[in-house]
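The block underneath contains the structure these notes are about, expressed in structure tokens.
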């Protein structure tokens, strides 16, 4: 039973939430709904008269297309490889930052520099570095190699740029996790006979698990939507497109709003699946939820 | 089982502060030794040096005759109980207790047997599958003890293991720790700031202040023969009364009157501090005793005893408080005059500058 006062309070609560809700609907809810609607239409701006509802035909087109699946594979590859490398490197950096006694502020600042540089600017830096003739990294390679003109080396460079850029972010998230492990537990483990590695694997890692999962979740979602590094480095040439790149090419370059929107919706669904797996299967705490 | 020897052990921190200065102490096999003192006196640092969690700046630490200064904690075969218990929150009680054995690569059936046996000893069997978060303070404390006992180490180190418990539980656990230590016969070093714990638990007590050992002895020894004013004030509850005194041929002039002290004045400096334990006072006449009369400020009835507080004023600036521990049947009343007797031969006299006991 909710009394008169309780009902009034509830109404007030709804009123207080309303502005935020309306803004959210306007800036995220509506665009999502609109791209979903577009994905159900034939909507190619080159043929403006020829627009109609075609159900799931766009989905059949995209999912039956080899380019989409290549891009999907490339995206998954980049995501998995870069996140794994970032996790390992990020952990090393986090431990180093956490344990540094002398010049703590300087170390942390230096480590965070790559994260502070705009991705596009950094991507151009990498591009010039790998351009034969002018690039300092390309000049280290044998004469006549142009790594950004081949699929394998291009993807490797994209991953390198990703890892360089986002490892500090990973390290920062992991460091907050390290700070959650009470020092006394590590002392207790030393007394119980654990060496450095055993203390890390048996005490620190299990206690950091929530922080690690959140870091992985954030980075996986981010990496799956990779766009700017690829856009600058190869623009998707030699089969190096990610799903976001081909969605962009279809939507903006090809002016095919229907197909482009379909790809966007598919990306959204993939991201939702990744988040679901992390939260339900691995038990990551969804951002903002109560710890379980 | 082990003998622990601290031979001139000191600890200086990089910023130059000396936490522990030149400790010489031999802890016999099976002995229960208490390190006690106010916070910051260096008792925990000393314990951590024995554990290996803190490096020894100078001096030598020997366990069973072997120098262990350079050995990692895990190679010293010593178990420690922490004030916060330091239980691993992601492990069950069983896993917590098995942890040191698993690390020692003991065969699984043996681990299970040892954990079971220890859990039995500490009444933890019904809790074995719980996580620390689902245990009460007393239960966590027992798990921490269990994790130490299960390894059958050379020695136990305990860092204020009872201070996070409520008063009643603390007294219970105190007796059970005492019983357990006698039963297991394991050398134990126990750190506390609580003089009652120190007095009741220890075979011997080491009193520390500002990183320096003040006195080492049995509880009775420290009570009867405190080496200095600090020890005298630290041991005993309520604390010993300290009264500044001027030495005159007829006795010691204090705010509670002149205390006769025979021919001793000739041997004393001009000014001293007189120490009288509250339990030395009584409200009935003593033959050959001395007495003072004052107004009772406050009376605290404790049931088994009565504490009477007196305030004396001397001039405008100096006031002194005296507390007397009296028989519960004593008729003293707040706001009324009372005459209190004591035996002047039983008081302590301290040097006002060095604090040394001149008695």
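Every number here is computed from the coordinates shown, using simple stated rules; none is lab data. Keep in mind the model is a prediction, meaning the values are calculated, not measured. No Cβ is skipped: glycine too gets one built from the backbone with ideal geometry, and neighbour counts run over all protein chains shown.
Can you tell me the Rg and Dmax of the range A:40-153, counting just the alpha carbons, in angstroms?
My reading of the Cα-based Rg and Dmax gives 22.3, 69 Å.
Determine the percent antiparallel among the DSSP beta bridges restricted to the protein assembly as shown, to the nearest 5.
About 75 percent, rounded to the nearest 5.
Out of every Cα-Cα pair in the range B:241-350, what percent are more than 18 Å apart?
When every Cα pair of the range B:241-350 is considered, 48 percent fall beyond 18 Å.
Would you mind ranking B:142, B:170, B:147 so that the residue whose beta carbon has the fewest other beta carbons within 10 Å leads the list?
B:170, B:142, B:147
So if the hydrodynamic radius of chain A is defined as the Kirkwood radius over C-alpha pairs, what does Stokes-Einstein give as its diffusion coefficient at 20 °C and 1.002 mPa s, in µm² per second?
Answer, rounded: 95 µm²/s.
Would you mind ranking B:250, B:194 so that the residue whose beta carbon has the fewest other beta carbons within 10 Å leads the list?
Fewest-to-most ranking of B:250, B:194: B:250, B:194.
Just to be sure I understand the model, the point goes 7 Å from the Cα along the line to the Cβ. What's the resulting residue B:286 to residue B:333 distance in nm?
2.7
Bin width 20 Å, alpha-carbon pairs only: give the P(r) of chain B as whole percents, running from 0 to the bin holding the largest distance.
26, 46, 25, 4
Of A:191, A:208, how do they rank once you tally other Cβ atoms within 10 Å and put the fewest first?
A:208, A:191
Tell me, Kirkwood radius of the range A:187-278 from alpha-carbon pair distances, in Å?
16.1
How big is D for the range A:2-102, in µm² s⁻¹ as a whole number, if Stokes-Einstein is applied with the Kirkwood radius of its Cα pairs at 25 °C and 0.890 mPa s?
In µm²/s, the coefficient rounds to 125.
Tell me, what is the Rg over Rh of the range B:115-181, with Rh the Kirkwood radius over Cα pairs?
We get a ratio of 0.94 for the range B:115-181.
Once the Cα atoms of helix B:137-149 and of chain B are each reduced to a long axis, what angle between those two axes, in degrees from 0 to 90 to the nearest 10, is obtained?
60
Share of antiparallel DSSP beta bridges in chain B, in percent to the nearest 5?
Roughly 75 percent of the beta bridges in chain B run antiparallel, per DSSP.
I'm a student and want to see the number: the projected area of the Cα convex hull of the range A:1-50, averaged over all directions, in nm².
5.8
At residue A:12 and residue A:37, where each label point lies 7 Å from the Cα along Cα→Cβ, what is the point-to-point distance in nanometres?
Roughly 3.8 nm, to one decimal.
In the calculated pair distance distribution of the range B:1-72, what percentage of Cα-Cα distances lie above 17 Å?
So the portion of pairs separated by more than 17 Å is 39 percent.
Computed over the Cα atoms of the protein assembly as shown, what is the ratio Rg over Rh, Rh following Kirkwood?
Rounded to two decimals, Rg over Rh is 1.17.
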